[in-house]
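First comes the structure, then the notes that go with it.
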Amino acid sequence: MNKNNLKIHWPNNLITSAEEGEDWFSKAEIAKLNIPTGCLIGKCGACEIDVNGETIRPCVKKIEYQNNLNLNIEFTTDPFW
């Protein structure tokens, strides 16, 4: 099975590449960004990021193709954190 070569466009204007199934946290580290963490099991929402406008929890979801080889990332802001 071929994996798609994806381009991740981070909020700090860096672009990294990734393949489907890779970990969001390690790719963010390469981009010199830190995704906040909390429970790391998908319940608290501390790690939420927006990927092409869809909010995901990277602690429980790997990088995946979304009908677009470019993944535009925005960090969500939660007033409770």
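The values are calculated or read from the model by the stated rules, or taken from the named source; none is laboratory data. Since the structure is predicted, the reported quantities are computational estimates derived from the model, not experimental observations. We place every Cβ from the backbone using ideal geometry, glycine too, and count neighbours over all the protein chains shown. Just the protein is used for accessible areas: all its heavy atoms, side chains included, with ligands, DNA and RNA removed. Shrake-Rupley method; radii C 1.70, N 1.55, O 1.52, S 1.80 Å.
For the reader, a short list of remarks on this structure follows.
- Residue match in region 5-12 (condition: assigned to a loop (DSSP other than H, G, I, E, B) and among the charged types (D, E, K, R)): no
- Put simply, of 73, 63 the only residue that is in a loop (DSSP other than H, G, I, E, B), at pLDDT 95 or above and in contact with a strand residue (DSSP E or B) (Cβ under 9 Å, 6 or more places away or on another chain) is 63.
- Residue match in region 28-41 (condition: open to solvent by less than 50 Å² (accessible area, probe 1.4 Å), small (Gly, Ala, Ser) and in contact with a Cys (Cβ under 7 Å, 6 or more places away or on another chain)): yes
A quick yes/no check of all residues on (1) under 20 Å from residue 3 (Cβ atoms); (2) part of a loop (DSSP other than H, G, I, E, B):
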{"site": "27", "(1), (2)": "yes, no"}
{"site": "34", "(1), (2)": "no, yes"}
{"site": "40", "(1), (2)": "no, yes"}
{"site": "43", "(1), (2)": "no, yes"}
{"site": "58", "(1), (2)": "yes, yes"}
{"site": "68", "(1), (2)": "yes, yes"}
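- Cross-chain or 6+ apart pairs with Cβ under 7 Å, region 7-18 first and loosely packed, with under 13 Cβ neighbours inside 10 Å, then not in a loop (DSSP other than H, G, I, E, B): 15/7; 15/8; 15/9; 17/5; 17/6; 17/7
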